[in-house]
Structures are given as C-alpha cells and as structure tokens.
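Notes to accompany the following structure.
Any read-out appearing in this document is the output of simple, stated calculations on the displayed coordinates, not a laboratory observation. None of the values given here were measured: they were computed from a predicted structure. Cβ placement follows ideal geometry from the backbone for every residue including glycine, while neighbour counts extend to all protein chains displayed.
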Amino acid sequence: MTIRTRLAVQFLGAASLVLGGAFIVVYVLTADYRKEQFMGRLHGRGAATAKLLIQVDEVDEQLLTKIEDDNPVRLPEEAIAVYDQDGREIFHLGAKTGPLPMDELERVRKVGELRDAVGERERVAFVFAAGEERFVVVVSGMDIYGRSKLRNQGRVMLVTFLIGQVLIFFIGRSFAKRSLAPLQRLAQDIEAISSTSLAQRVRTGSDHDELAQLARSFNTLLDELQTSFQTQKNFIANASHEMRTPLTAISGQLEVLTFKERSPEEYGTMIRSVLDDMRSLNRLADRLLLMAQAENKALVSTFVPVRLDEVCWQARADVQRSGPDRSVVIDMDGVEDEADVLVNGNEDLLRSLVVNLCENACKYSTDHQAVIRFRRIGHDLALEFADAGMGIAPEDHDRIFEPFYRVTNTGGARGHGIGLSLVRRIAELHGGRVRVESAPGQGARFTVQLPAAH
Ligand code: ADP
C-alpha cells in the first residue's frame with residue numbers, strides 16, 4: 001500500500017470515527033427525546049380522561065366513550081384503562097390490550113408510575129388520586145408518526161455517512177498527494193544521483209518544512225560523500241604515484257645493470273641503492289596498511305590499557321636502529337607514576353605514532369635528535385615531540401597533516417608525506433588530537449594529547 005493510500009485510509013478512519021460517533025449520539029438522543037415526548041403525551045391523555053371520568057359527576061362511562069371517540073387528539077392505536085382501588089377495570093377505551101395483572105397494579109401503586117413497551121406499543125401506568133381513592137390509569141399507544149420520523153432520520157444519517165466516507169477518502173487522498181509531492185520529487189532527484197554524478201544535488205524548495213530539512217540534510221550528506229570520494233580518489237592516485245617512483249627507479253637501475261658487465265664495487269653501489277628503494281617501498285606499504293587499520297573505527301572495541309612509556313622506549317630503539325646518528329631522549333618529569341602514562345589503545349598503532357614523530361624530528365634536524373616529554377593536561381596525557389631542526393612555516397601547519405603533502409624544501413630528506421596524516425588518524429582513533437608549534441629555523445614541537453585511562 002502506498003503512503004498516499006495509507007494516509008487516506010487513516011484519515012478516513014479518524015473522520016469516520018468522529019462522524020459516525022456524532023451521528024450515533026444524535027440518533028440516540030433523538031430516539032430518547034421521541035420516547036420521552038410520546039410517554040408524556042400518553043400520560044397527558046390518561047390524566048385528562050381519568051379527570052373527566054372521576055371528577056366530573058355528569059360524565060359516565062358511555063358519555064366519556066362517546067366524547068373520546070370523536071376526540072381529534074386521540075393517539076394512534078390508543079388504549080386507556082382505569083382501575084379502581086380494588087383492581088377492577090372501571091373504564092376501557094380503544095384497542096383491546098387485556099387487563100393489567102394484579103401484581104403489576106400493585107407495583108404501580110408502590111412506585112407511582114411505570115413506563116414500558118411491548119414491541120412498538122408503548123405504555124404508561126400511573127396512580128390517579130381522587131380524595132381518598134387511588135385509581136390506576138393505564139394508557140398505551142403506538143407512536144407511528146414519531147417512529148417513522150426517527151427511521152427516516154436514521155436513513156438520512158446513514159446515507160450521509162456513506163457519501164461522507166467516499167468524499168473523505170478522496171479528499172484525504174488528494175491532501176496526501178499534495179503533501180507527499182515534495183517527497184516524490186526528492187525520490188526522483190535521489191534516483192538520478194549515482195556515484196558518477198555525486199556533484200548533483202536534490203531540490204530543497206523554498207519551504208522550511210520537514211521535507212525541505214530532509215532535502216538539506218541529504219545534500220549535506222552528499223557534500224560529505226563527494227569530499228570523501230574525492231579524497232579517496234586522490235589518495236589512491238597519490239599512493240600509486242608514490243609506489244611507482246621507487247619501482248621505476250628499481251627497474252631503471254636493474255636495466256642499466258644488464259647493459260654490460262660491472263665491477264664488484266659498482267654492483268655493490270647499485271644493489272645498495274636498489275635496497276634503499278625497496279626499504280622505502282616497504283615503509284610506504286607498512287604505513288598504508290597502518291592507515292587502513294587506523295581508519296577502522298571498530299578497532300576501538302579491542303583497545304586495552306597501554307603503557308605509553310614502554311611504547312616510547314620501544315619506539316626509541318626502533319628509531320635509533322634505523323640510523324646510527326639518531327637519538328631519542330625521553331623526559332618523564334611531567335608525570336608522577338605509572339597510572340599517569342596509561343591510555344586505552346592499540347599498542348602497534350601507538351608505537352607507529354611515536355616512531356613517525358621521532359623519525360621526523362631526527363630527519364628534519366641537523367643534530368638528528370628527538371626529545372619526548374610526558375605531561376598531564378587535566379585528564380589527558382600529553383606527549384611532546386620536540387626537535388631543534390628546520391621548523392615549519394605557519395602556512396604549512398595544517399597542510400602537513402594531509403596525506404602525501406610534503407613541504408617543498410625538506411632539505412633533501414626523503415619521505416612520502418604520509419607519516420603525519422597517519423599520526424593524526426591514530427590520535428583521533430584514540431579519542432585524542434595532535435597539534436604543531438613551529439617556526440622556520442626554530443625547530444618544531446608536536447603535541448599529541450590522548451585521554452588517560454585513569
Ligand atoms: P614525510 O616526512 O614522509 O615527508 P610526513 O607526513 O611525516 O611525511 O610529514 C609531512 C611534512 O611535514 C614533511 O614533508 C616535512 O616537510 C614536514 N615535517 C614533519 N615533521 C617535521 C619536523 N619535525 N620538522 C620540520 N618539518 C617537518
């Protein structure tokens with residue numbers, strides 16, 4: 001069932017409930033009113049007849065019958081009976097209804113008045129007192145006119161209700177159609193968008209309603225998708241470019257080797273150069289792998305408490321092993337005990353974060369030294385990586401964290417421009433952040449702030 005039909009049906013249901021309820025209430029009240037009125041008329045007829053019979057001496061049974069026979073206010077199928085103190089029927093007029101049983105007479109005397117109906121014949125029995133004597137008057141009749149009026153009213157109501165149902169359904173459908181038109185337009189616009197046309201946007205219209213809001217949210221989502229799609233495309237292009245460079249160098253060098261016989265020294269130099277390229281390629285592949293790992297938010301659920309001091313000592317060993325002139329100094333004066341250096345995280349990723357920052361500090365400074373300082377900032381643990389190197393111009397402070405971005409003048413240091421973007425992703429995955437303070441020629445200080453485990 002379409003939303004449009006469902007809305008129309010729901011609208012119809014609600015309207016039927018209200019309309020049907022109102023009609024039923026009106027019908028019941030009218031029926032009650034008719035009954036009340038007819039009973040009142042019966043009572044009036046009975047009282048007038050009993051008055052003539054009992055209180056006017058000149059009127060006897062025959063005269064009263066004669067008078068009443070021609071009475072224009074007689075009710076349809078009317079029957080009037082009057083019973084004396086001993087339960088004898090002293091007067092009867094109109095339709096034969098049979099005498100009232102004794103027990104019923106007693107009941108009337110007890111309660112003063114009784115009203116009932118047998119089929120369509122309605123009856124009022126009441127006590128009529130005259131001096132000491134208590135007569136019982138029983139009047140019955142059929143409200144032919146009132147009932148037919150009521151039946152007619154019921155029929156009119158039913159027909160009105162049915163016609164109303166049909167009208168309400170179509171009006172509901174048309175309203176639903178009008179209200180859902182923007183949704184349909186939105187669906188058409190969305191259908192037209194595919195991965196190759198991510199630049200397209202859906203129409204938001206000029207209204208400020210919920211659907212316009214939905215369209216705007218969808219466009220925001222498309223903005224984000226387009227950006228991440230583009231970033232991914234750039235990333236792949238950059239990664240392939242970075243891989244192709246050492247691969248081309250390796251194959252070039254190996255080709256040159258095949259041209260002619262070389263001296264053992266030349267072979268040695270060439271092989272070392274190829275090895276260098278291979279190592280660089282290997283490092284790039286490692287970092288790309290770590291990058292993919294750091295993208296995986298599900299990894300957070302596997303986090304365990306990690307001692308960052310131990311991570312730093314291991315990273316120090318790695319960095320110093322990668323270059324004999326490199327040194328890493330670890331200063332833990334800013335923290336007091338073991339609990340201060342605990343963070344929840346992934347040890348391999350955290351180690352890679354520390355290694356990358358230390359390698360950069362060593363790589364971009366003439367003394368090839370990195371200093372790691374531990375500090376507490378509120379509930380966070382901050383690690384500072386400082387060097388006395390070439391520094392970074394302020395305009396590059398943000399860009400150096402983008403994948404594959406390298407400052408134009410790196411002083412000949414080799415790299416792929418992926419280390420800092422990896423650092424940032426790892427810090428963010430751990431609920432932290434990284435920032436840089438540096439100026440050209442004045443060294444650099446990278447601060448990684450991570451939420452402490454305690
Ligand atoms: P890579 O070092 O492989 O080029 P990174 O992403 O680690 O890639 O760094 C991006 C750029 O930031 C580097 O090319 C370099 O110019 C600059 N940079 C990073 N660390 C430092 C540092 N400690 N001192 C000076 N420049 C740095």
For the range 136-229, count the residues as N, evaluate 2.2 N^0.38 Å, and divide the Cα radius of gyration by that value, please.
2.34
Round to a whole angstrom and tell me the spacing of the C-alpha centers of the range 134-173 and the range 195-210.
55 Å
For the range 1-91, the Cα convex hull volume per residue in Å³ comes to 150 Å³
Any idea what the alpha-carbon Rg over 2.2 N^0.38 Å comes to for the chain?
2.27
Spacing of the two label points (7 Å from each Cα toward its C-beta) at residue 170 and residue 199, in nm:
4.9 nm
Could you tally up the Lys pairs in the chain with alpha carbons closer than 26 Å? Skip any pair fewer than 8 positions apart unless they're on separate chains.
10
To test your reading of the geometry: what angle, between 0 and 90 degrees and rounded to tens, separates the Cα axis of helix 144-192 from the longest principal axis of the chain?
10 degrees
On full extension of the chain, what length is gained from residue 229 through residue 56, given 0.36 nm per residue of separation minus the C-alpha to C-alpha distance?
51.3 nm
Convex hull volume per residue for the range 232-366, taking Cα atoms only, in Å³
149 Å³
Just name one of 140, 343, 156: the one whose Cα is farthest towards the positive end of the charge dipole of the chain (beta-carbon charges, Lys/Arg +1, Asp/Glu -1).
156
What's the whole-number percent of alpha carbon pairs in the range 375-452 lying beyond 15 angstrom?
59 percent
Put in order of increasing Cβ neighbours within 10 Å, starting from the fewest, 29, 353 give 29, 353
What's the FRET efficiency of residue 298 with residue 405 using the Cβ-Cβ distance as r and R₀ = 22 Å, to the nearest 0.05?
0.20
Added length on full extension, which subtracts the Cα-Cα distance from 0.36 nm per residue, residue 74 to residue 249
50.6 nm
Backbone N under 20 Å from the residue 256 label point (7 Å along Cα→Cβ), restricted to the range 272-286:
272-281
Would you compute, from DSSP H runs of 4+ residues alone, the mean residue ellipticity of the chain at 222 nm, taking -39500 (n - 2.57) per run and dividing by the full residue count, rounded to the nearest 500?
-19000 deg cm²/dmol
